[in-house]
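Chemist: What follows is a single structure, and I will ask about it in a moment.
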Amino acid sequence: MPFLTRPAAGYTSAKFDAGYGTTVDSHVALAGITDAGGGGEAVALTFTSHQAPSESINDSSCTDWSITLYLSLASGSYLVEHPPAGYHASYESCS
């Protein structure tokens with residue numbers, strides 16, 4: 001099934017390129033899938049991002065991430081939803 005996201009209002013491809021234009025992700029791994037309730041799923045992922053330090057959340061050219069995507073089923077496709085209040089991804093500079 002395809003994954004869809006809802007674009008943020010006023011978010012253009014130029015804004016995306018300005019913030020993520022140098023980012024290349026690698027080592028993506030599925031860490032787990034759990035029931036998020038209400039027919040949704042929580043998908044835990046880990047990956048490594050390489051980017052210009054100035055475009056990094058931690059001023060690093062290499063960042064290891066642990067994230068959770070919250071998905072709902074809509075018309076035969078999974079839709080990436082906003083995370084619950086208080087959710088924060090985990091990250092650290094690569095070793």
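Chemist: Please specify each residue of the range 37-51 satisfying the condition of being under 22 Å from S26 (Cα atoms) and touching a residue at least 24 places away in the same chain (Cβ under 8 Å). I'd like the intermediate steps shown before the answer.
Modeler: Initial filter on the range 37-51 (under 22 Å from S26 (Cα atoms)): 42-51.
Once the filter is applied, which keeps residues that are under 22 Å from S26 (Cα atoms) and touching a residue at least 24 places away in the same chain (Cβ under 8 Å), the range 37-51 yields A42, V43, A44, L45, T48, S49, H50, Q51.
Chemist: Please specify each residue of the range 42-54 satisfying the condition of being within 22 Å of Y87 (Cα to Cα) and not β-branched (V, I, T). Steps first, answer last, please.
Modeler: Going residue by residue through the range 42-54, those that are within 22 Å of Y87 (Cα to Cα) are 42-49.
Once the filter is applied, which keeps residues that are within 22 Å of Y87 (Cα to Cα) and not β-branched (V, I, T), the range 42-54 yields A42, A44, L45, F47, S49.
Chemist: Go over the candidates S54, S75, S95, S61 one by one and state the one that is more than 17 Å from A31 (Cα to Cα), in contact with a His (Cβ under 7 Å, 6 or more places away or on another chain) and small (G, A, S). Don't jump to the end; show me each part of the working.
Modeler: Numbers: S54 fails: in contact with a His (Cβ under 7 Å, 6 or more places away or on another chain); S75 fails: in contact with a His (Cβ under 7 Å, 6 or more places away or on another chain); S95 fails: in contact with a His (Cβ under 7 Å, 6 or more places away or on another chain).
Just a single option satisfies the conditions, and that option is S61.
Chemist: So which strands (runs of 3 or more DSSP E) are wholly in the chain and hold at least 3 residues that are surrounded by 11 or more Cβ atoms within 10 Å (Cβ to Cβ) and either in contact with a Pro (Cβ under 6 Å, 6 or more places away or on another chain) or at pLDDT 90 or above (or both)? Steps first, answer last, please.
Modeler: Values: elements: 3-5, 24-37, 40-50, 62-74, 77-81, 90-93.
Fully inside the chain and qualifying: 24-37, 40-50, 62-74, 77-81, 90-93.
Chemist: Of the residues in the range 36-62, how many are within 13 Å of the chain's Cα centre (by Cα) and not small (G, A, S)? Steps first, answer last, please.
Modeler: Of the residues in the range 36-62, the ones within 13 Å of the chain's Cα centre (by Cα) are 42-49.
After this cut, where a residue has to be not small (G, A, S) as well, the list is 43, 45-48.
Qualifying residue count, the range 36-62: 5.
Chemist: So which pairs qualify, if the first residue must be in the range 70-94 and free of Cβ contacts under 8 Å to residues at least 12 places away in the same chain and closer than 27 Å to H50 by Cα, the second must be loosely packed, with under 12 Cβ neighbours inside 10 Å and β-branched (V, I, T), the Cβ gap must be under 6 Å, and the two must be at least 6 apart or on different chains?
Modeler: Pairs that qualify, where the first residue is free of Cβ contacts under 8 Å to residues at least 12 places away in the same chain and closer than 27 Å to H50 by Cα and the partner is loosely packed, with under 12 Cβ neighbours inside 10 Å and β-branched (V, I, T): there are none.
The values are calculated or read from the model by the stated rules, or taken from the named source; none is laboratory data. As the structure is a computational prediction, the values presented were derived from the model and not from experiment. Cβ: placed from backbone, ideal geometry, glycine included. Neighbour counts: every protein chain shown.
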